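The values are calculated or read from the model by the stated rules, or taken from the named source; none is laboratory data. Values in this document were obtained by computation on a predicted structure and should not be read as measured data. Every residue, glycine as well, gets a Cβ built from its backbone with ideal geometry; the counts of neighbours run over all protein chains shown.
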Amino acid sequence: MGKQIRTYNSFELTQAIAAVAAGGFICQLKMPTPPAGTNGSVQMALTRLEVQLTTAVATELALVEAATAGTATAPSTFGGVNVSSGGGGVGPGTTVFQGKVITAWSVAPTVASTPKYLRRSLLTAAIGQSFAWTWPEDDPFCGPPAQSPLIASLAFTGAGMLLHNVAAVSSGAVIVTTRWVEYNASLNTLD
């Protein structure tokens, strides 16, 4: 069983993204660096990632942890729309630091030389082909398992997670819908 999130806010964002080169990145999901004095207690966790082809190009994508964050290019960084909250939001008096979906970089992020893909899907060459990866809002995807089951992985803070074009050719153009929760780690306990 993963981390049970009891208080959270949900955010959603849909973006049309042009084809990317072989080995390139469709988008990056990450939390900004928390302000000083907050101890990084507000975290981001993924509940849905949906991709739909808008061009007839076979596309193979994978979710992977970034090794380096890269440098986002404005205006390619987007926050989501707050669509719901559970258990009263992220907690009384807590500032919600909106997670970001980044789609362009002046310096691209990187992955490990031997990346560990956490999810991977292949879309055949037909407009409208799609996949959706989902996780429950109260037990969202926080990143790869931490070294201890009692420590929540904080993969979205720091370098973030990438939707990676793992094919040896350019991807098709896609529509990407992401839904995530932001929660205060200090107010949520592990079951």
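Overview of results
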item	result
Every pair of residues 6+ apart whose Cβ atoms lie under 7 Å, when the first sits in region 56-70 and is more than 14 Å from residue 112 (Cβ to Cβ) while the second is in a loop (DSSP other than H, G, I, E, B) and among the polar types (S, T, N, Q)	57/171; 58/124; 59/171
Where residue 43 falls short, out of the listed (1) crowded, with 19+ Cβ neighbours inside 10 Å; (2) touching an Asp or Glu at 6+ places or on another chain (Cβ under 8 Å); (3) modelled with pLDDT of 95 or more	(3)
Qualifying residue in region 18-25 (condition: modelled with pLDDT of 70 or more, farther than 28 Å from residue 168 by Cβ and not β-branched (Val, Ile, Thr))	no
Complete set of residues in region 139-165 that are in a loop (DSSP other than H, G, I, E, B) and either surrounded by fewer than 18 Cβ atoms within 10 Å (Cβ to Cβ) or at pLDDT 95 or above (or both)	139, 144, 145, 146, 147, 148, 149, 150, 151, 154, 158
